[in-house]
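Please read the structure below before turning to the comments.
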Amino acid sequence: MSKEILTGNELTSGATVYLSAGGTWVEGLHLARLFAKEEAAERDGALAATKATGRVISLEIEEVDVVDGAIVPKRLRERIRAAGPTAPLTLHGQAYDRQHLGEDGHVSI
């Protein structure tokens, strides 16, 4: 059965993030909250609350399937985003790590 998740990009780093069941934005697709079609009001409330913070941008609702307990996005684009960069993160030949989400990534709805 198809479900939906909320995804976007963390403003500071550009990282792909997902809304978790606890209301925080996390980097792991496996931690994303699954919304059933009848939970559209809750999903939309979380979208509105997140837009108000300006911390997560390019918000989207993505359809996913759960296959053997794993969340699998239906669109190829989202599967690529979930897997991470397709090229190494380097700057002037040096590998670097980006900033990660802080503890203030919570969304109250």
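Restricting the search to segment 1-15, which residues are open to solvent by less than 60 Å² (accessible area, probe 1.4 Å), more than 20 Å from R43 (Cα to Cα) and in contact with a Leu (Cβ under 9 Å, 6 or more places away or on another chain)? Give the steps one after another, and end with the answer.
Step one: list which residues in segment 1-15 are open to solvent by less than 60 Å² (accessible area, probe 1.4 Å), which gives 2-10, 13-15.
After this cut, where a residue has to be more than 20 Å from R43 (Cα to Cα) as well, the list is 13-15.
Answer for segment 1-15, where residues must be open to solvent by less than 60 Å² (accessible area, probe 1.4 Å), more than 20 Å from R43 (Cα to Cα) and in contact with a Leu (Cβ under 9 Å, 6 or more places away or on another chain): S13, A15.
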Inside segment 27-74, the number of residues satisfying the requirement of being part of a strand (DSSP E or B) and either open to solvent by 60 Å² or more (accessible area, probe 1.4 Å) or within 12 Å of I5 (Cα to Cα) (or both) is 16
When you go through (1) more than 15 Å from the chain's Cα centre (by Cα); (2) modelled with pLDDT under 95 one by one for E78, which number turns out not to apply?
-> (1)
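The values are calculated or read from the model by the stated rules, or taken from the named source; none is laboratory data. None of the values given here were measured: they were computed from a predicted structure. Every residue, glycine among them, receives a Cβ derived from its backbone with ideal geometry; neighbour counts consider all protein chains shown. Just the protein is used for accessible areas: all its heavy atoms, side chains included, with ligands, DNA and RNA removed. Shrake-Rupley method; radii C 1.70, N 1.55, O 1.52, S 1.80 Å.
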